[in-house]
1. Which net charge results for the neighbourhood of residue 212, defined as the other residues with beta-carbon distances under 11 angstrom from its beta-carbon, given Lys and Arg at +1 and Asp and Glu at -1?
2. In nm, what is the difference between 0.36 nm times the number of residues separating residue 229 and residue 283 and their Cα-Cα distance?
3. Is the range 293-340 rounded, prolate or oblate when judged by the Cα gyration tensor, a ≥ b ≥ c being the square roots of its eigenvalues, rounded requiring a/c under 1.5 and prolate requiring a/b larger than b/c?
4. Would you mind ranking 90, 304, 252 by Cβ crowding within 10 Å, fewest neighbours first?
5. Cross-link candidates for residue 235: which aspartates and glutamates have Cα within less than 13 Å, leaving aside residues fewer than 8 places away along the same chain?
6. Order by neighbour count: 303, 127, fewest other Cβ atoms within 10 Å first, most last.
7. Using a/c under 1.5 as the rounded threshold, could you call the chain rounded, prolate or oblate? The axes a ≥ b ≥ c are square roots of the C-alpha gyration tensor eigenvalues, and prolate needs a/b larger than b/c, oblate otherwise.
8. If I model a spin label at residue 295 and residue 69 as a point 7 Å from the Cα along the Cα→Cβ vector, what separation in nanometres do I get?
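What follows is calculated from the coordinates using simple rules that are stated; it is not laboratory data. Owing to the predicted nature of the structure, the values given are computational and were not obtained by experimental measurement. Glycine gets a Cβ as well: all are built from the backbone with ideal geometry, and neighbour counts include every protein chain shown.
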Amino acid sequence: MNTNDKSATTHRRAGRRKALTGVGAIVAAPYVIGSQARAQAAWPTKPVKYINPFPAGGATDTLSRLFCQKMSEVSGQQWVVENVGGGGGDIGVNTVARSQPDGYTLGLGGVASHAISPTLKAGKLPFDPERDFTFITNIWSLPNFLVGNMNLPANSVPELIDLLKRNPGKYSYGSAGLGTTLHIAGELFKLLAGVDMLHVPYRGGAPAMVDVMGGQVQMIFDNIPGALAQYRPGKVKGFGVTSAKRSPVVPDIPAIGEFLPGYDLSSWTSVCGPAKLPAAVVERCSMFAKQALESPDLQKAFFDRGATTFWLSPKEAVAYRASEAKRLGDIITRAKITME
């Protein structure tokens, strides 16, 4: 074989090796993609971190831990609650938004961060409440409960409205802080009843309740678990729940909407992850959440604490958040509520 023949043969062999390498890459690519898809379909294969954007010990923390315990059972992997408080919940919610979209960092979204803040904190949030999240399902709905000091000279919602109209600016209500559902509930009451009362924000519902019992402020639209803890032993008066209908937890207490048509403001929460969460992960998480929230023991545990399980499909959860953001945004605008 002459030099030219050897050169041609070498060139042909190199070409075949290159071609085979290319074929191998083509074959390997679907295999890698298929492996990723199978991993997502099998999710979760390791513990899931659940960010609660509020401190430990409150109603949100208790309900989150009950939910995560049941999710651990139905999914076969531990759901670990991590409390990341601060900024009225903004820090923890932002942690979820900035996490890897692999399904192993999820968290608690809800009425404050995803329906109230878009209007009340417009332009000041570290995240976009719609664009930066994938909504998977809702978890629970929790009405607030208007209670008052035992010496307040009114014993029903109509009597309270009459008292406030006769004494504009004399009485006050406490809240867990600016922009909380406790605050918005009070402002909606003022708007629909046509009354004037002073808002006194606190760093949480517990210290506000202490001052209601002590008479420093006269009322609070507290989350129902905190209010029930003082109402049941007779330490405060009960006037009405803030949901559209009566709560099965306190069926003897009327809904404020029975006296003020259109009054409806409940706390609600959702499971959300960062944007671009894989569809397979969303589907499986939604399925597990449905199992968890339909379990009688979890429903009872929620009920005992004043909450109602509230599963929605991913599409329904997205639509619900949008509708609540619009509705509550309109209330905030009409009532001229600001963070100042």
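1. 0
2. Between residue 229 and residue 283, full extension yields 15.7 nm more.
3. Note, shape of the range 293-340 comes out oblate.
4. The most exposed by this proxy come first: 252, 304, 90.
5. Reachable aspartates and glutamates: 211.
6. Going from sparsest to densest Cβ surroundings: 303, 127.
7. prolate
8. Going from the residue 295 label point to the residue 69 one covers 1.0 nm.
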